[in-house]
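Take a look at the structure set out below.
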Amino acid sequence: MYSAVQPSGNLTIGNYAGAVRNWLAMQNEYDCFFAIADMHAITVRQEPAELRRRTVELAATYLACGLDPEACVLYVQSHVPQHAELCWVLNTCTYVGEASRMTQFKDKSQKHAENINMGLMDYPVLMAADILLYRADYVPVGADQKQHVELARDIALRFNNRYGETFRVPEPLIKRDGASIRSLQDPAKKMSKSDENPNAAVFLTDDRDTVMRKFKRAVTDSDNCVRASAEKPGVTNLLNIYAAFAGCTVEEAERAFEGKGYGEFKLAVGETVADVLSPIQAEQKRLLADKKFLADALQKGAERAYKVARKTLDKVYRKVGFYRGE
Ligand code: TYM
């Protein structure tokens, strides 16, 4: 199993609900690799000192959320050079047309019109390299990454056809509840680390007062009935968030709030989220006080990842016909 998060901003409850939360249950059942995708992060401008700080903070967040560095491999993408090397080979199996059709590439090109760099377009190919290096069967992600995992499948199949069986063909694992948490201010948009509106996203680092304030201000509609439906995207989003954080289904959440008004419902969502975040924040703070421990854990993770990545890349280099000596 393989997945990653970019250290491009504070994690939101969307990243938690759509990705990290689902990793926890899997770490003891599968061989898991979870990365900090710093190479992906620089496809949009990053302040170097901040990127470095966020990388360590994300490692602390992973651990604080309950990932166990003994049970799974936690590492920083740029510590394992094979990601960039495999990406180069996979670039030759990817068509410009398919890369330029990716929704995220189109969105980010619009958002960063002054910086449509090659890396932005290559982003999903690097992601395919991540996944294929570790021969992952499953990739637990939020709904927004489905298209990228599907491209990784196409690239794997194409390579296997061209050079013979080499890669496992991965599948996205997307949980229904929490797979697409929307902005609290505009449910037409996904909740994002980089939204300009500070009330749009709840961050894992937000204190209880901030969490409560953001949920109180969340947009809903005027009929005051707690039900999920396409016509009620704001309320549906809050139900999804509640379900993800209370550990129930949306239907159970609807039943729990039957006959209750939006005021009471929003308070309950805020409390439920804040109750999950508090212990994570305390643990993250404790871990960040011990930078040596974090650095050591990441180094060990990189060593374990490297062993697997090197094997796969050696095989790929042989398959494509790179001379490796007699
Ligand atoms: P990133 O950092 O943008 O997102 C990390 C994870 O959080 C999920 N996610 C969401 N889920 C639900 N609702 C939301 N509003 C929301 N926003 C984000 C994403 O789907 C993702 O699972 N490109 C990846 C990072 C990556 C990766 C990989 C993932 C790099 N290499 C290999 C899987 C396999 C990304 O979206 O990061």
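The values are calculated or read from the model by the stated rules, or taken from the named source; none is laboratory data. Since the model is a prediction, treat every value here as computed from it, not as a measurement. Using ideal geometry, Cβ is built from the backbone for each residue, glycine included, and neighbour counts are taken over all protein chains shown. Calculation scope for accessible area: heavy atoms of the full protein, side chains included, ligands and nucleic acids excluded. Shrake-Rupley method; radii C 1.70, N 1.55, O 1.52, S 1.80 Å.
Per-structure values
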| item | result |
| --- | --- |
| Among the candidates ASN15, ASN22, residue that is touching a strand residue (DSSP E or B) at 6+ places or on another chain (Cβ under 7 Å), more than 8 Å from the ligand (Cβ to nearest atom) and not aliphatic (A, V, I, L, M) | ASN22 |
| Condition met for ALA218 (more than 8 Å from the ligand (Cβ to nearest atom), assigned to a loop (DSSP other than H, G, I, E, B), outside the structural domain of LEU51 (by TED's automatic domain parsing) and open to solvent by less than 30 Å² (accessible area, probe 1.4 Å)) | yes |
| Residues of the range 222-237 classified as open to solvent by less than 50 Å² (accessible area, probe 1.4 Å) and of a type outside the set (A, V, I, L, M), total | 5 |
| Failed item, numbered, when GLU231 is tested on (1) assigned to a helix (DSSP H, G or I); (2) closer than 21 Å to LYS266 by Cβ | (1) |
| Which listed residue is surrounded by fewer than 17 Cβ atoms within 10 Å (Cβ to Cβ) and either small (Gly, Ala, Ser) or within 14 Å of the ligand (Cβ to nearest atom) (or both), from SER183, SER194 | SER194 |
| Subset tally (residues that are out of contact with any helix residue (DSSP H, G or I) (no Cβ under 6 Å at 6 or more places or on another chain), open to solvent by less than 10 Å² (accessible area, probe 1.4 Å) and touching a residue at least 60 places away in the same chain (Cβ under 8 Å)) for the range 146-160 | 1 |
| Top-ranked residue of the range 100-134 - restricted to ones that are away from the ligand (no atom under 14 Å from the Cβ) and touching a Leu at 6+ places or on another chain (Cβ under 9 Å), ranked as most open to solvent (accessible area, probe 1.4 Å) | HIS112 |
| Residue in the range 77-89 that is over 26 Å from ASP195 (Cβ atoms), away from the ligand (no atom under 14 Å from the Cβ) and hydrophobic (A, V, I, L, M, F, W, C) present | yes |
| Helices (runs of 4 or more DSSP H) (entirely within the range 1-74) containing at least 3 residues that are closer than 24 Å to PRO124 by Cβ, open to solvent by 10 Å² or more (accessible area, probe 1.4 Å) and touching a helix residue (DSSP H, G or I) at 6+ places or on another chain (Cβ under 9 Å) | 48-65 |
| Helices (runs of 4 or more DSSP H) fully within the range 238-326 counting 3 or more residues that are free of Cβ contacts under 8 Å to residues at least 24 places away in the same chain and buried (at least 20 other Cβ atoms within 10 Å of the Cβ) | none |
| Which numbered condition TYR163 misses (of (1) of a type outside the set (D, E, K, R); (2) without any contact (Cβ under 8 Å) to a residue 60 or more places away in the chain; (3) more than 13 Å from the ligand (Cβ to nearest atom)) | (2) |
| Residue, nearest to the ligand (Cβ to nearest atom), within the range 135-147, restricted to residues that are farther than 24 Å from ARG310 by Cβ and not aliphatic (A, V, I, L, M) | GLY142 |
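Residue by residue, here is whether (1) touching a strand residue (DSSP E or B) at 6+ places or on another chain (Cβ under 7 Å); (2) over 17 Å from GLN82 (Cβ atoms) holds:
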residue: ILE131; (1), (2): yes, no
residue: ARG135; (1), (2): no, no
residue: VAL139; (1), (2): yes, yes
residue: GLY142; (1), (2): no, yes
residue: HIS148; (1), (2): no, yes
residue: ARG153; (1), (2): no, yes
residue: ALA156; (1), (2): no, no
residue: ARG162; (1), (2): no, yes
residue: PHE167; (1), (2): no, no
